[in-house]
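Everything on this sheet refers to the single structure shown next.
The values are calculated or read from the model by the stated rules, or taken from the named source; none is laboratory data. Remember, it's a predicted structure, so these values are computed and weren't measured experimentally. Note that each Cβ is placed from the backbone with ideal geometry, even for glycine, and that neighbours are counted across all protein chains shown. Note: accessible area is taken over every heavy atom of the protein model, side chains too, but ligands, DNA and RNA are not part of it. Shrake-Rupley method; radii C 1.70, N 1.55, O 1.52, S 1.80 Å.
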Amino acid sequence: MAARNDSNNKNNNKHDRSQEAACGSKPVIFNPDFFVERLRHDQPQAFSDIVLSNLTRLIDLPGEEFAQLTGDAEPRLPSHHHGFLRSFNFLKRKDKGLVFGAPLTEEGIAQIYQLIEYLSKNLHVEGLFRVPGHSLRQAALREMLNSGAEIVLETGDFHPNDAATLLKTFLGELPEPLLTHRHYHAHLKIAERTLFDEQGNKTDVPDKERQIEAFQLLFMLLPPANRSLLKLLLDLLYHTARNQHTNKMSAINLATMFAPHIIWPKHVTANNLQSNIKRLNNGIAFLIKHSQKLFRAPAYVKEYARVYFTGSKTLQSKDDLALCTGPASSSLEEGALTPPPPPPTCVGGPRGAACSPSRGAACSPSRGAACSPSRGTPAVSRHTEEALRELQQHISSLPASAKKKKLIRQFEKQQTPVADPPSPFSRKHRRSRSLGGIIKEPPSLKKMCVLPAKETSV
């Protein structure tokens with residue numbers, strides 16, 4: 001009897017230990033941006049539409065600048081009047097290899113990461129990124145990186161200043177700035193985003209919350225290689241600035257060192273940029289200070305992407321909840337145990353189709369259709385009212401002119417309800433720069449779920 005009880009206790013202990021191993025010691029890792037990345041990969045047009053529509057809600061991009069951002073027009077940047085000749089001579093001088101002077105690739109990033117990893121262990125060096133390294137050691141290190149060799153930098157053959165200078169050289173020799181020419185004007189507009197006072201007048205105080213949101217959206221539009229390297233670089237500079245008590249390099253000092261290499265248009269001088277230099281430097285300093293928040297998708301984009309693929313605002317599987325995040329997850333388990341909604345009937349084409357689920361069921365996009373929550377939710381109302389207030393304050397702050405009167409008329413016209421709102425994935429609507437496109441609700445909330453014919457007739 002006692003032996004049987006002991007065996008049962010041992011089995012129970014083993015079971016408990018196995019559960020602890022599954023949920024405690026080795027938690028399941030879940031990428032919170034999984035559905036966002038899936039949307040980027042599977043539906044690039046829908047991904048671009050949701051990001052661009054929200055970005056243009058935050059910053060004003062005229063037609064030409066918007067076309068440059070989307071790639072529909074060539075970037076028009078400040079340039080030297082001898083820019084073509086300088087560019088030609090510049091390319092002739094460069095000794096192109098796998099890394100330096102070549103377009104950015106994942107292989108090149110893997111090589112440069114050796115410098116970043118080494119520098120992250122030497123953040124205490126005074127004047128890091130400001131004091132130049134030894135030219136001969138840099139030449140040897142450059143050749144090794146260009147050949148694709150794996151380097152052990154901790155042997156003492158190289159100094160941290162050699163690696164720091166070579167990292168700036170690599171960024172400066174990229175065919176295009178790391179932040180890209182297409183995004184140049186967007187960075188300037190984000191820097192201009194400031195708060196309004198109680199009277200609706202624009203102040204000089206930066207609207208940090210909106211700037212962070214705008215950068216989150218803008219960085220989602222970067223090429224994958226640029227985004228990967230930018231995250232590694234800003235993380236390195238963030239930790240460098242946190243050690244400024246020893247290395248004497250603050251965020252603005254680092255921004256002054258790196259802005260010419262990662263955001264200045266190629267083959268221009270400081271005279272060509274004129275008054276934009278201060279804004280660009282301050283913008284890079286802002287990226288360094290807030291780098292830990294800039295590579296997350298905004299909450300509404302995450303929700304849109306999840307609803308796009310799952311079709312429901314409630315979790316439908318216990319597997320989604322078995323992430324071992326602690327007691328907080330227990331409150332969600334009730335929603336996880338609810339049966340999945342019946343499949344909706346989708347009418348229309350593969351894009352922009354309207355879903356018609358049964359009464360009370362969550363909308364499920366089928367064949368590429370996307371459904372969103374109804375307009376009547378409190379979160380939607382608050383979001384819309386906030387956007388309208390900001391727009392009204394901006395219009396009120398403009399000087400008296402015919403343009404202001406026209407804007408006021410358009411604003412008042414848009415207050416009337418629209419019977420049939422356009423699709424959020426319409427190319428024509430996305431490229432329009434009218435006020436109507438700004439004050440409409442976010443695209444993730446525009447698709448409405450309608451009842452099937454059987455139930456509406458009851």
The answer for the net charge of residues other than Leu221 whose Cβ lies under 12 angstrom from its Cβ, with Lys and Arg +1 and Asp and Glu -1, is +2
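Keeping every protein chain present and rolling a 1.4 Å probe, give me the accessible area per residue for the stretch 229-301 in Å².
On the way: 3120 Å² over 73 residues.
Value for the stretch 229-301: 43 Å² per residue.
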Members of Lys202/Lys248; Lys168/Lys208; Lys189/Lys248; Lys121/Lys293; Lys202/Lys289 lying beyond 26 Å, as alpha-carbon distances in this model show = Lys202/Lys248; Lys168/Lys208; Lys189/Lys248
Amide H to amide H under 5 Å from Thr194: which residues, 5+ apart in sequence or cross-chain, H placed 1.01 Å off N in plane?
-> Asp207
Which shape class, rounded, prolate or oblate, goes with the stretch 221-296 when its Cα gyration tensor gives a ≥ b ≥ c as root eigenvalues, a/c under 1.5 marks rounded, and past that a/b bigger than b/c marks prolate?
-> oblate
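What is the sum of charges, Lys and Arg at +1 and Asp and Glu at -1, for the other residues whose Cβ falls under 10 Å from the Cβ of Glu176? Let's see the in-between values first.
Details: positive: Arg182, Lys266; negative: none.
Net of charged neighbours comes to +2.
As an exercise, use a Förster radius of 22 Å and the Cβ-Cβ distance of Glu143 and His245 to find the FRET efficiency, rounded to the nearest 0.05. Write out the running numbers ahead of the final one.
Details: r = 36 Å, r/R0 = 1.62.
Between Glu143 and His245 the formula returns 0.05.
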Rounded to a whole %, the carbon-and-sulfur portion of the accessible area of the stretch 144-287 at a 1.4 Å probe is 50
Take Glu74, project a point 7 Å from its Cα along the Cβ direction, then tell me which residues of the stretch 181-210 have their backbone nitrogen under 14 Å from it.
-> 182
